[in-house]
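Presented below is the structure to which this report refers.
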Amino acid sequence: MHDAAVRTSPAPRRQRPIGLAALRGFEAAARLLSFTQAAHELHLTQSSISRQIAALERQLGHALFLRRTRALELTAAGAQLLQAVQRALATLDRSVEEIRDVGAARRVTLSTYASFASLWLVPRLALFQQAHPGIEIRLDASDRVVDLRAEQVDVAVRWWPLERPLAGGVPLFDDIATPALSPRLLAGATLQSPRDLARWPLLDLDSRVPGVRTLNWEAWFAFAGADEVAPSAGRLVFSFVDQAVQAAVRGQGVALVRTPFLQDALASGDLVMPFPTLRLPVGYRHVLLVEASLARRPEVDVFVQWLLEQVQQVQQVQHRDDDERRRAGRP
């Protein structure tokens, strides 16, 4: 009876694996939504990409793309496969890179936008390098949307709306803006009210810059109780936050400077706040995003801890300065 039971029990279902050679072609075509562009990226012919996709679809038993006129769309199966393939390829590529780089510097890839990089992060990186000379920081300074896992980015710092839920991120700074100008401009001047700032050029940001709807002179003057102020000395409009801050440091006018950039400029004496209590909440915050599947690497943990310590130091200095101002009875 025992032998018969063994002989007649159903064999475990065997899953037929798919061929792996076509996965890179599929990932490129799905990411670019173009067989032609995928072929160009991988140095293959368009027909080779088409054959790879067709073979995958036969093996899976599901269509991966909807072929529209002059356009491709992913099917639900294609979208599901793309997520899995991108994760797998990112893990594989990182492992290959680590094997090739045995003995080389450990690397942390950070993505952030140019203003945060130039005004806040880069001036501090020398401290990190002195403390951790064996860790290399690779900086991608851009504000584009980035897929941390697919692009093998370890950490990112982004500007995040307060009303938008933050899943898995770490808040760094709640952004608050106030006018700041070079002490050379303020020397000998008497400011009775916020309206008096209009005697100097107002340094503003282009309306296409994210967050400008809440970070502009009209919003600040209204917040300060001085509606419809005409800038008698005109305006200078910039496309980047760091350009406006640097123009203020050079004495070209008054800028609305927000945390965390404000503290460094004040500490160095490059800028002063004529109305320090009139700080406008911008409605955004800086947040730290860490790729979960990569965060266990020791060098990533070291960098994240260092970054959080730098943020804490800035916040402590800000709180101390505010306390001293209150004790001295200064505005």
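Descriptive notes on the structure:
- Any chance Val254 is farther than 19 Å from Leu121 by Cβ and β-branched (Val, Ile, Thr): yes
- Of the residues screened, Ala167 is one that is loosely packed, with under 14 Cβ neighbours inside 10 Å and among the small types (Gly, Ala, Ser).
- Among strands (runs of 3 or more DSSP E) entirely within the stretch 27-128, having at least 1 residues that are of a type in the set (Asp, Glu) and either surrounded by fewer than 13 Cβ atoms within 10 Å (Cβ to Cβ) or touching a helix residue (DSSP H, G or I) at 6+ places or on another chain (Cβ under 8 Å) (or both) singles out 71-74.
- Among the residues of the stretch 175-193, the one identified as charged (D, E, K, R) and loosely packed, with under 15 Cβ neighbours inside 10 Å is Arg184.
- Qualifying residue in the stretch 149-157 (condition: in contact with a Ser or Thr (Cβ under 9 Å, 6 or more places away or on another chain) and of a type in the set (Asp, Glu)): yes
- Only listed residue being modelled with pLDDT under 85 and either in contact with a strand residue (DSSP E or B) (Cβ under 6 Å, 6 or more places away or on another chain) or assigned to a loop (DSSP other than H, G, I, E, B) (or both), chosen from Arg138, Arg144: Arg144
The values are calculated or read from the model by the stated rules, or taken from the named source; none is laboratory data. The model shown is predicted, which means the values in this text are computed figures rather than measured ones. Because the Cβ atoms are built from the backbone with ideal geometry, glycine has one as well, and the counts that use them run over all protein chains shown.
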